[in-house]
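J.: What follows is a structure written as structure tokens; I'll ask about it next.
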Amino acid sequence: VRARIAASSLNYTKTKPGELDGSYFPLDNNKKARAVSSIFSRHLPGDEKTYEGTNPCHALTPLGHAIGCPEPIGRYLNQADKRQGECEPFSDTCHLVYSGHNFVGAEMHWLPVLYLQKWWRSLQTNSTDNPDDFITPLWNKLLPHHTWCDANGTSRSIDAKDYKRDYQECSIPLQHEVDTKALITLNVQLSNNDTQVITSWSPLYASLPVLRVTVMRDPFSWLVSKYFWHLKPEDIENNSTCDEIEKAVERHLGNARSHKVLMDNSGPAWINRMSLGHIMYLCGEDCIVRYAAGTATLQDLELQAEGNLRQSFAVVGLLEEVDIFYEMLTARVQYMNTSLNPHVRGAKHTTGDSPENVRCKARFQDKAFQAKLLELSPELRALNRLYQVAKEVNRFQRKELQECSSKTV
């Protein structure tokens, strides 16, 4: 999908992934946007290795993530050749078409500070005199020559090494400060009470002026693919199979509350873990922290993920109808034309068609087997409900775009 999105630009001449060329997306006022892929870190509470690289963050709120765990400045500078100056860290604009394995809301870490400040001001009903707004002064901490770390009086980190070195002394206290003030500010604004309990940040994510798109896959088909992708030699040696229900849905997960998104192996409780991880991607990075801390339940995660699907995505596609997804992109996003460069296709991420793979695919499409898994795994039940929401949103968006198209003819 990311290859087709990148190829929906003008002057596209790439012959391999990661190659630089002069391709761009035409914006208004002769501005240009660039396609980039996985150039910004993930910010997670665990120390797991990820494709984009991982920086720690234990903030409980999206604003705590943005101010307390900003992308190190060096990450922008190291990627300058790929971005070609389209998203500077202290700008008020960001002309990027970003693809990655990141969670909903990950852009809070790397969107330019002036861009975020402008967005935040737009949410304030009276930004010049709002006694309940404790966040506005904190954005200045992200600006150059301003103090981000109160402990040592330094500005935000240059690289990941500095960020991790100063994490406990600098980032953790700031996360706590921002989280506390965000809960006070947004409870007053969003719910007009001071209980300091927000179960879903999806309205905040939806208010951010970005266009998000995603493609959802039938969870049972996705699970089989994930199982074989992460199947380890020792699993094969132990004669592990995809349909060992007792192993796949072991309930020890319920007591673990891990800070890690444990989706990288096909060991015990793999269906529960992978389903929960998928939900986390739709929910947001704050969800991992809140769930591990016990301040969010599985129901809370599903609620926020559903809100994000309904409110935060300009296009929700379905993998089994991926060509329709591309048509929706062209219809929704003015500067994108997915009919360009139709020969460009991304590398296949396939787990093969071994006899066992074929057997498992058929097994996981069996309705009785699906019902048994759904009965035993609350995480899979939640993920399956979210997939039904995705289909509902997809159908609504398709109808909306078709009606808009007919009106403009």
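The values are calculated or read from the model by the stated rules, or taken from the named source; none is laboratory data. Predicted model only: the values in this text are computed from it and were never measured. Cβ placement follows ideal geometry from the backbone for every residue including glycine, while neighbour counts extend to all protein chains displayed. Quick note on the areas: whole protein, heavy atoms, side chains included, nothing else; ligands and nucleic acids left out. Shrake-Rupley method; radii C 1.70, N 1.55, O 1.52, S 1.80 Å.
J.: What are the residues whose amide H is under 5 Å from the amide H of GLY317, where those residues sit 5 or more places off or on another chain and H is modelled from the backbone?
T.: The answer is THR214, VAL215, MET216.
J.: Turning to a different aspect of this structure: So what is the calculated 222 nm ellipticity per residue for the chain, using -39500 (n - 2.57) for each DSSP H run with n of 4 or more, over all residues, to the nearest 500 deg cm²/dmol?
T.: Numbers: 19 runs with 183 residues, N = 409.
About -13000 deg cm²/dmol.
J.: Of (1) 1.08; (2) 1.01; (3) 1.48, which one was derived for Cα Rg over 2.2 N^0.38 Å from the structure shown?
T.: From the options (1) 1.08; (2) 1.01; (3) 1.48, the structure gives (2).
J.: Can you pull the one-decimal nm distance between simple spin-label points at GLU400 and LEU143, each 7 Å off the Cα toward Cβ?
T.: 3.6
J.: How large is ³J(HN,Hα), in whole Hz, for each residue of the stretch 358-375 in order, when computed from phi with the Karplus curve 6.51 cos²θ - 1.76 cosθ + 1.60 and θ = phi - 60°, using x for Gly and Pro?
T.: With coefficients 6.51, -1.76 and 1.60, one gets 4, 4, 5, 4, 5, 4, 7, 9, 6, 5, 5, 5, 4, 4, 5, 4, 5, 5 Hz.
J.: Distance between Cα centroids, the stretch 332-378 to the stretch 19-39: provide it in whole Å.
T.: 29
J.: Same structure again: According to a simple spin-label model (label point 7 Å from Cα along Cα-to-Cβ), what is the distance in nm between HIS230 and SER354?
T.: In this crude label model, SER354 to HIS230 measures out at 1.7 nm.
J.: Let me ask something additional. Per the chain: cysteines with no other Cys C-beta under 4.7 angstrom?
T.: Among the cysteines of the chain, those whose Cβ sits 4.7 Å or more from every other are CYS404.
J.: With a 10 Å radius around each residue's Cβ, average the other Cβ atoms per peptide and rank 278-290, 371-383, highest first.
T.: Details: 278-290: 25.6, 371-383: 18.9.
Ranking, from highest mean packing down: 278-290, 371-383.
J.: How about LYS32: which lysines have a C-alpha closer than 17 Å to its C-alpha, ignoring those fewer than 8 places off in the same chain?
T.: LYS82
J.: Mind checking the per residue accessible area of the stretch 326-409 for me, 1.4 Å probe, whole number of Å²?
T.: Details: 5260 Å² over 84 residues.
I get 63 Å² per residue for this part.
J.: Once amide H atoms are placed 1.01 Å from N in the peptide plane, what residues at a sequence separation of 5 or more from TRP148, or on another chain, have their amide H within under 5 Å of its amide H?
T.: Under 5 Å from the amide H of TRP148: THR154, SER155, ARG156.
J.: To continue, here is another question. Below 8 Å between Cα atoms, with a sequence gap of 6+, how large is the relative contact order for the chain in percent?
T.: Numbers: 624 pairs, mean separation 76.6, N = 409.
After rounding, I find 19 percent.
J.: So how exposed is CYS87, as accessible area in Å² (1.4 Å probe, rounded to 10)?
T.: The accessible area of CYS87 comes to roughly 0 Å².
J.: Output the pairs from LYS31/LYS348; LYS161/LYS181; LYS14/LYS49; LYS181/LYS399; LYS31/LYS226; LYS16/LYS391 with a Cα-Cα distance over 31 Å in this structure; if there are none, say none.
T.: Working: LYS31/LYS348 33 Å; LYS161/LYS181 28 Å; LYS14/LYS49 29 Å; LYS181/LYS399 41 Å; LYS31/LYS226 40 Å; LYS16/LYS391 33 Å.
In this structure, LYS31/LYS348; LYS181/LYS399; LYS31/LYS226; LYS16/LYS391 exceed 31 Å between Cα atoms.
J.: So who's got an amide H within less than 5 Å of the one on ALA33, skipping anything under 5 residues away but keeping other chains? H placed 1.01 Å off N, in plane.
T.: Distant-sequence amide H within range of ALA33: PHE25, LEU27.
J.: Also, I was wondering about something else. If you count only protein heavy atoms and use a 1.4 Å probe, how large is the accessible surface of HIS230, to the nearest 10 Å²?
T.: Accessible area, nearest 10 Å²: 30 Å².
J.: Percent of accessible area on the chain owned by carbon and sulfur, 1.4 Å probe? Could you put the intermediate results ahead of the total?
T.: Details: 10010 of 19350 Å².
For the chain, the apolar C and S fraction of the accessible surface comes to 52 percent.
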